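Asker: Structure incoming, see below.
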Amino acid sequence: NLPYLTLLENNKGIITVNQSNQLDTTDDILAAANRRIAQLDKIVKLSISRTNQNDWVDQDNKPYLTCSGAEKIARLFGVCWKDVKTEKIITSDEQGQYYFYEVSGTFVLGADNISAVGTCSQKDKFFAKRGGEMKPLSEIDETNIRKAAYSNMVVNGVSRILGIRNLTWDEVRSGGIDPKKSAKV
């Protein structure tokens with residue numbers, strides 16, 4: 001039973017509209033946001049506590065979650081993914097033609113869902129280079145590139161839906177992970 005507001009519109013007639021109580025709505029939003037801050041802090045702490053140093057990689061002094069860690073965290077919170085699609089995309093640059101895999105899916109947590117993408121290229125340093133030089137195409141295992149794109153999608157989707165992206169080493173360390181014991185890239 002919201003109060004009604006009656007307005008005269010340009011002498012054309014009287015219109016009656018519901019008058020919203022914006023202050024109450026704003027208070028409700030702020031109260032919900034404050035509750036969520038505490039919940040999100042718990043999600044971060046629980047997520048990190050479920051992982052170990054093998055689930056994190058130090059890349060340029062920043063922690064990156066691996067797929068094994070993302071899968072552990074997903075099971076902890078009941079995150080699932082569906083509608084996974086894989087596409088091989090042929091493209092080119094100044095060095096010529098190459099391919100990459102793009103894997104996309106929908107990640108679900110309760111009533112929330114997001115779309116996430118993972119990619120991996122034929123030019124990926126881990127798979128395609130040896131001693132700073134590109135390997136011949138015959139020496140690159142394309143299935144590894146496809147699997148890496150899938151893994152990248154999982155990490156992306158899980159970390160996005162849980163809000164655990166862009167963590168610092170201090171945050172990860174507070175969960176008991178020693179950065180010195182993690183792999184470096």
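Asker: Please give me, ordered by residue number, the GluC sites (Glu not before Pro) of the range 49-128 that lie in loop per DSSP and have at most 10 other Cβ atoms within 10 Å.
Answerer: When the GluC sites (Glu not before Pro) of the range 49-128 are filtered for loop state and at most 10 Cβ neighbours within 10 Å, 94 remain.
Asker: Among rounded, prolate and oblate, which fits the range 115-176 when a ≥ b ≥ c are the square roots of the eigenvalues of its C-alpha gyration tensor, a/c under 1.5 means rounded, and a/b larger than b/c means prolate?
Answerer: oblate
Asker: Next question. Spin-label point model (7 Å from Cα, Cβ direction): what's the residue 46 to residue 89 distance in nm?
Answerer: The two pseudo-label positions are separated by 3.5 nm.
Asker: How much of the accessible area of the chain, probe 1.4 Å, is carbon plus sulfur, in whole percent?
Answerer: So the carbon and sulfur contribution to the accessible surface is 49 percent.
Asker: Against the longest alpha carbon principal axis of the chain, how many degrees, from 0 to 90 and to the nearest 10, is the axis of helix 22-49 turned?
Answerer: 20 degrees
Asker: Separate question: Taking the chain as the reference, fit the longest principal axis to its C-alpha atoms, fit the long axis of helix 142-162 to the helix C-alpha atoms, and give the angle between the two in degrees, 0 to 90, nearest 10.
Answerer: 30 degrees
Asker: While we're looking at this one, here's another question. Please identify, among 47, 92, 151, the residue showing maximal mean-square fluctuation in a Gaussian network model of the chain using a 10 angstrom Cα cutoff.
Answerer: Its mean-square fluctuation being the largest, the pick is 92.
Asker: Just add up the charged neighbours of residue 88: K/R +1, D/E -1, any other residue whose Cβ is under 12 Å from the Cβ of residue 88.
Answerer: -1
Asker: Further question on the same structure: Label residue 180 and residue 141 with points 7 Å out from Cα along Cα→Cβ: what is the distance between them in nm?
Answerer: Modelled inter-label distance: 3.3 nm.
Asker: I'd like to check one number: the per residue accessible area of the range 54-114, probe 1.4 Å, reported in Å² as a whole number.
Answerer: Normalised by residue count, the accessible surface of the range 54-114 is 59 Å².
Asker: Report the normalised scattering of the chain as log10 I(q)/I(0) at q = 0.19 Å⁻¹, calculated by the Debye formula with identical scatterers on the alpha carbons.
Answerer: Computed log10 I(q)/I(0) values: -1.28.
The values are calculated or read from the model by the stated rules, or taken from the named source; none is laboratory data. For clarity, every value in this text was computed on a predicted model and none was experimentally measured. Virtual Cβ from ideal backbone geometry, glycine too; neighbours counted across all protein chains shown. Just the protein is used for accessible areas: all its heavy atoms, side chains included, with ligands, DNA and RNA removed. Shrake-Rupley method; radii C 1.70, N 1.55, O 1.52, S 1.80 Å.
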